[in-house]
Amino acid sequence: MAQIDYSENGSRNRGARGTRLLGALAYLVAAACLLPMVAVVLAAVTGGTDTVSHLMATVMPRYAMTTVILVVLVAAGTFAIGVGAAWLVTMTRFPGVRFLEIALVLPLAFPAYVLAYAYTFILDHPGIVQTTLRQVMGWGPRDYWFPEIRSTEGAAVMLILVLYPYVYLLARAAFLQQSATAFLAARALGNNPWQAFRRVSLPMARPAIAGGVLLAVMETIADFGTVSYFGVQTFATGIYTSWFSMADRAAAAQLALCLLGFALVMAVSERMQRGKAKYYQTGKQHASQPAVHLKGLKAVFAFVLCVMPVLLGFLLPVVILIEMGLESEQNLLSKRYLGFIRNSLTLAGTAAVVTVCAAICIGFFQRLRPGKGSSASAYIARLGYAVPGGVIAVGLMVPFASFDNALDAWMRATFDISTGLLVTGSIWLLVAAYMVRFLAAALSAYEGGQSTVHANMDAAARSLGQSPLGTLRRIHLPILTPSLLTALLIVFVDVMKELPATLIMRPFNFDTLAVQAYRLASDERLEGAAVPSLVILAVGLLPVILICRQVGRR
């Protein structure tokens, strides 16, 4: 009997130690996520008023106005395309609808800056479209007007075409979950289908639609590659210009603070505007929405509306990029390009593993010790997705660059040894930036799978003498393998496409495919930029294929 008590006490001690270790790791991850935001605020506040006054008098109003215009255009465009396409493929039946409900997700594989390279190649002044127009009509270079692709509106179109799937996926899921009872009641009260949709179905799907639009807006204000290539001046381009071109850390930090504030205001305002309203079915029975079978011109019109985003956002750019790549002199199998691929895979793989491990620490600790502390750590971990990559980069580079300089000076004075850029010159700070940026996506995937593990399984494992870490290793992780693989894949692809943080924080002579594509496009070598862009696109298709499979099953 004494032996049993001893083993139980030992198990409890091991469990307590495991819980404390898990809690320490969870709080450490939350602190790492909070560090860039705190560092940006401190660097901006201590940067002096001269820099702020100069920015306010010169570039700040232009950055703010352009960012707002871009956000409004992208929000309106993604809402219109995403909600419209979701409603048509959910509530109507026409030829090709089964293919389109899956194909509408495909543009999600494209980074917006890659789409910008493809359309600039054909729509710019020397491109095939304007060249053919001049040859056919006999016009000179100044004899006609053509929409300028390198503009705020052009950047908005590129972002809309790659970001509308966020709204489409969430709106489609919301429409599928709605019961037909309220919609049919609205029709019985004299509303036509459009009025019933606007007054009943659309408000009931509002949280999902608002979430999708908010994701698109967050990606818009964080975008650097598209707006930089098109010459559109936003806060994201201002941060990069201040950091590299002007070497002004204070200006970069103050612009980063403005962008951080803008992102957080967007997220908080949507939540406050929603208030305490609840959106759920009050009836006891769930009736499926009746599908309307379209014929004739209505079916053609619905097909054209749904196929145009797929054509413009995926099929046409793929054809253009393949043609550009075949005309280029870039050798994907050369030693140089194999180095780009190796660097990209190293960063993406390392960041994916670190980020998923951090998500496991946060998610399992919240399940193990629900309370204010664990909830706060999970909330802080999710903030990173609302923070643009450029802001995170500045927030990490400023304090760690000071640390590197101080350490190097002390080592020189004490031991006559130079440590150089010990932290900022390695890939680990960049991996930490990726973890902060994409931890929310990994945590959502992990928590989605963790919700399927019943609490009784934890109790059974503990009754058999398993510690919390033993329960995690032997029960949770095997069950959650699909969710963990999904999280790994999502973070891996997001890191492959990430540009602003990589540009600012990458070590010397450590270029990735995204950096190489951006560099070639900046030199107007668009055919060459198509080669790394196609590799990024091929990798980006992997999670989209998984999403398409889920959509097809539903």
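The values are calculated or read from the model by the stated rules, or taken from the named source; none is laboratory data. Keep in mind that this is a model prediction, so the values were computed, not measured. Don't worry about glycine lacking a Cβ; one is built from the backbone with ideal geometry, like all the others, and counts go over all protein chains shown. Keep in mind that these areas ignore ligands, DNA and RNA; they rest on the heavy atoms of the full protein, side chains included. Shrake-Rupley method; radii C 1.70, N 1.55, O 1.52, S 1.80 Å.
Residues in segment 145-184 that are in contact with a helix residue (DSSP H, G or I) (Cβ under 7 Å, 6 or more places away or on another chain), over 23 Å from Leu215 (Cα atoms) and not charged (D, E, K, R): Phe146, Ile149, Ala182, Phe183. Of all the residues in segment 422-456, those that are open to solvent by less than 20 Å² (accessible area, probe 1.4 Å) and not hydrophobic (A, V, I, L, M, F, W, C) number 6. Filtered by the rule that a residue be polar (S, T, N, Q), within 30 Å of Leu546 (Cβ to Cβ) and open to solvent by 50 Å² or more (accessible area, probe 1.4 Å), segment 457-493 gives Thr481, Thr486. Test Ile149 against the stated conditions and say whether it is farther than 19 Å from Ala109 by Cα, assigned to a loop (DSSP other than H, G, I, E, B) and β-branched (Val, Ile, Thr). Answer is yes for this residue. Taking the numbered list (1) at pLDDT 75 or above; (2) assigned to a helix (DSSP H, G or I); (3) surrounded by fewer than 18 Cβ atoms within 10 Å (Cβ to Cβ); (4) not hydrophobic (A, V, I, L, M, F, W, C) in turn, Gln3 passes all entries but (1). Could you check how many residues of segment 404-435 are within 30 Å of the chain's Cα centre (by Cα) and more than 17 Å from Leu488 (Cβ to Cβ)? Count: 12. Hey, could you check segment 6-23 for residues that are open to solvent by less than 60 Å² (accessible area, probe 1.4 Å) and of a type in the set (A, V, I, L, M) and say which is modelled with the lowest pLDDT? The qualifying residue modelled with the lowest pLDDT is Ala16.
This table checks each residue for (1) open to solvent by 20 Å² or more (accessible area, probe 1.4 Å); (2) in a helix (DSSP H, G or I); (3) closer than 25 Å to Val515 by Cβ.
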residue	(1), (2), (3)
Ala30	no, yes, no
Ala44	no, yes, no
Asp50	yes, yes, no
Val74	no, yes, yes
Thr90	no, yes, no
Pro107	no, yes, yes
Tyr113	no, yes, yes
Ala116	no, yes, yes
Pro126	yes, no, no
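Of all residues in segment 199-209, one or more are open to solvent by less than 40 Å² (accessible area, probe 1.4 Å) and either in contact with a Gly (Cβ under 8 Å, 6 or more places away or on another chain) or among the charged types (D, E, K, R) (or both).
Taking segment 362-388 on its own, how many of its residues are within 25 Å of Leu264 (Cα to Cα) and open to solvent by 10 Å² or more (accessible area, probe 1.4 Å)? Counting residues in segment 362-388 that are within 25 Å of Leu264 (Cα to Cα) and open to solvent by 10 Å² or more (accessible area, probe 1.4 Å) gives 12. In segment 389-404, of all residues being hydrophobic (A, V, I, L, M, F, W, C) and more than 14 Å from Thr502 (Cα to Cα), the one that is least open to solvent (accessible area, probe 1.4 Å) corresponds to Ala401. From the list Ser533, Ser463, the one residue that fits, being within 23 Å of the chain's Cα centre (by Cα) and of a type in the set (Ser, Thr, Tyr), is Ser533.
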